[in-house]
Amino acid sequence: MNQNQILDQLDALITQGESQILKSKFSNFGTHGGVTSLDPTYYVDGSLYESWITKLKRVLRLFLSPTDDTITKIAQLSQRNTCTSAKTIINIIKDLKSDIESGMIKIKDESAEADSSHETMRMEQIFDLLFTRFHSISKSLLSRYNNRATLTITDEYDVQDLLQALLKLFFDDIRREEWTPSYAGKSARVDFLLKKEKTVIEIKMARKGLTGKELGDQLICDIERYKAHEDCQKLICFVYDPDEYINNPVGIKSDLESQHPDFLKIYIEPNR
């Protein structure tokens, strides 16, 4: 339940308290044990009151700890169905509502968090699928009927062209070559920006002479540059290495990802 829903619930409890609970009051004024009471206690309808309190406790448990002082106080007040107790509880609900609206009490939107978590999981699954099968897809393009022309992957531009076609299966807004902020006196272009998803995809193709250290240094520069990009909350680095030039892909991947666990994901494929 999100903040607006909780506020609506509290509003409904206040309305019920003022329009039903308080208007059900009655006095116990009379003679008790031979003594006439001159200062009667006013009560409210017991069954209505109990039902109202049960609803209130259910709502409070959505955003307050079971040991919160407010819950403890309401539990004490609810032991007697007096008009005074009901009025006090209504004022407590009003104060809670005010504190939520002012931001003093923070309400976690669990549904939004769940949606975000599911979306993150879905994107990870998409990238795993695309990059782990990219090599297989690129090889399959080499065999066409009657020797028809095909796409041969020879450099990074070929990788980008094929990957863009595959990304369109899953994403609507795919932007190529967005400028990144300057880093170490240089600015560069992003290979792909998924603007809605706040994700940048950087493409590299391994080549003869590109050592693991040089690749690592390039990726370190990319990471620092993209961290300054306002639309980049996640960086995906895809290194296509069909000829297995990179000697220690697992080491490069684990070293850099461990330093940027929530920001960076590296694929060096085909995996071996």
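The values are calculated or read from the model by the stated rules, or taken from the named source; none is laboratory data. As the structure is a computational prediction, the values presented were derived from the model and not from experiment. All Cβ positions, glycine included, derive from the backbone under ideal geometry; neighbour counts span all protein chains shown.
The figures follow:
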| read-out | value |
| --- | --- |
| Pairs, first among the small types (Gly, Ala, Ser) in segment 71-85, second part of a loop (DSSP other than H, G, I, E, B) and surrounded by fewer than 18 Cβ atoms within 10 Å (Cβ to Cβ), C-beta under 9 Å, six or more apart | 85/79 |
| Residues of segment 121-163 satisfying the condition of being assigned to a loop (DSSP other than H, G, I, E, B) and either within 21 Å of residue 235 (Cβ to Cβ) or of a type outside the set (A, V, I, L, M) (or both) | 133, 143, 144, 148, 150, 152, 154, 155 |
| Selected residue [modelled with pLDDT of 80 or more, touching a Ser or Thr at 6+ places or on another chain (Cβ under 7 Å) and surrounded by 11 or more Cβ atoms within 10 Å (Cβ to Cβ)] from 56, 48, 62 | 48 |
| One residue from 158, 95, 115, 191 being among the acidic types (Asp, Glu), assigned by TED's automatic domain parsing to the domain that holds residue 240 and at pLDDT 90 or above | 158 |
| Residue list for segment 188-199, filter: surrounded by 13 or more Cβ atoms within 10 Å (Cβ to Cβ) and within 21 Å of the chain's Cα centre (by Cα) | 193, 194, 195, 197, 198, 199 |
| Only listed residue being acidic (Asp, Glu) and loosely packed, with under 14 Cβ neighbours inside 10 Å, chosen from 202, 214, 257 | 214 |
| Pairs, first among the small types (Gly, Ala, Ser) in segment 133-149, second part of a helix (DSSP H, G or I), C-beta under 9 Å, six or more apart | 138/158; 138/159; 138/162 |
